[in-house]
Structure formats: C-alpha cells, structure tokens
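Colleague: Would you mind keeping the following structure in view while I ask a few things?
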C-alpha cells in the first residue's frame, strides 16, 4: 500500500489531495499536526475516488498548546462509477492547555451505492485520571503529559513503513 506522510509543525496551511485513478489502488495518508506555538494550523485533506474497488485510509493526529488553533478538515469523495470503494477517515486532536483550540470536520460525498465509507473525529483533553496514575508512579506533571502525548501520536507513527521517517517523527513528536 502506498503511504503519504503529512506533517504540519509550524503555523500555516496545508492542503493534500489523494486521488484514486486506477481500479484496485490502495493508499494510506498519515497526518500529524504539532501545534506547539501560538498561531493557526490548518490541514485540509481531500480523498477523491474516481475509480472503483479502491482502498483508502486517512489517520490524522494533532496536539495543541501555547495558544495554538488547529483546524483539520477532511473529505472523502466517491464518484458514481466508483463502486466497491472501502475508505475510512479518522481525525483525533488533543488539547494540552486551556488557551488552545481545535476543530475536526470530516465529510463524505458519496454518489456510488456499493461502498464502505465512514469517518470519526474527536477533540479532547489529556485524561486527568491517566495523568494522575502516571504521577502516582513517580512521574512529574510534564513527564506524565509527555508520555501520554507520545502514546497518542505513536498510534499513527507506528503505522509508518519508512523506518527513517518513523524515527524522525518520534523525535519531532517529543
């Protein structure tokens, strides 16, 4: 399966389009939005199935702190003649302080009738009970939060095939 990796780690906008132009194509997009400094971070993902019997996955993780504003939009488009498509769009954003904001907006535009397509989106804060548990095991506040963030981002980083890219992202995600 062909993988595309998208990283947005500075304020700004990125638009990514993933086209399925051949029957039987399989593609995966992994996106990381690392909003660690004040500013607006916008990621737009468009997945366009023009042919049928294709398989797609989009997994996006984002973190926001220090007055970062994150907006992630994603659209799966399936043309009328693109029967037999299987696609899933997942966006999960984590707020690390009270001064930051995050939005996740998934959309489906489906004209075909023989498809499997769905989406999921969540925006939340670090689980205080998980953080407390880690602190009760000897970690300080920052260490506990860092470990939770590493696990959150690691869910998608682990899926990356390119070992060098995976290592780079683990360092960048800290």
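Colleague: Based solely on its DSSP helices, what 222 nm [θ] is calculated for the chain when runs of n ≥ 4 H residues each add -39,500 (n - 2.57) and the sum is averaged over all residues, nearest 500 deg cm²/dmol?
Modeller: -6500 deg cm²/dmol
Colleague: Would you mind putting 126-135, 149-158, 81-90 in packing order, based on average other-beta-carbon counts within 10 Å, highest first?
Modeller: The peptides rank, most packed first, as 81-90, 149-158, 126-135.
Colleague: Next question, about the same structure. Under a plain spin-label model, where a point goes 7 Å from the Cα along Cα-to-Cβ, how far apart in nm are residue 109 and residue 50?
Modeller: Here the answer is 1.4 nm between the modelled labels.
Colleague: Quick one: helix 141-157 against the long Cα principal axis of the chain, what's the angle to the nearest 10°, folded into 0 to 90?
Modeller: 10 degrees
Colleague: Please work out the C-alpha center-to-center distance from the range 127-174 to the range 22-54 and express it in whole Å.
Modeller: If you average the Cα positions of each part, the centres end up 22 Å apart.
Colleague: With an 8 Å cut-off on Cα pairs and a minimum separation of 6 or more residues, tell me the relative contact order of the range 2-126 in percent.
Modeller: Relative contact order, the range 2-126: 23 percent.
Colleague: Against the globular-protein guess of 2.2 N^0.38 Å, express the Cα radius of gyration of the range 83-174 as a ratio, rounded to two decimals.
Modeller: It is 1.41.
Colleague: Given [x] 140; [y] 107; [z] 131 as candidate values of volume of the Cα convex hull per residue in Å³, which corresponds to the one derived from the coordinates?
Modeller: Correct label, based on the coordinates given: [y].
Colleague: Something else about it: Give, in nm to one decimal, the length gained when the segment between residue 118 and residue 164 is fully stretched (0.36 nm per residue of separation minus the Cα-Cα distance).
Modeller: Length difference between fully extended and current span is 13.5 nm.
Colleague: What is the helix-to-structure angle for 163-172, meaning the angle in degrees between its Cα long axis and the longest Cα principal axis of the chain, kept from 0 to 90 and rounded to the nearest 10?
Modeller: Taking Cα atoms only, the helix is inclined about 40 degrees.
Colleague: Quick one: which of 6-13, 36-43 comes out on top by average Cβ neighbours within 10 Å, and what's the full order, highest first?
Modeller: Taking the mean over residues of other Cβ atoms within 10 Å, the ranking is 36-43, 6-13.
Computed from the coordinates by the stated procedures, all read-outs in this text should not be read as laboratory data. Given the structure is predicted, the values throughout are model-derived calculations rather than measurements. Neighbour counts are summed over all protein chains in view; Cβ atoms, including those assigned to glycine, are modelled from backbone coordinates with ideal geometry.
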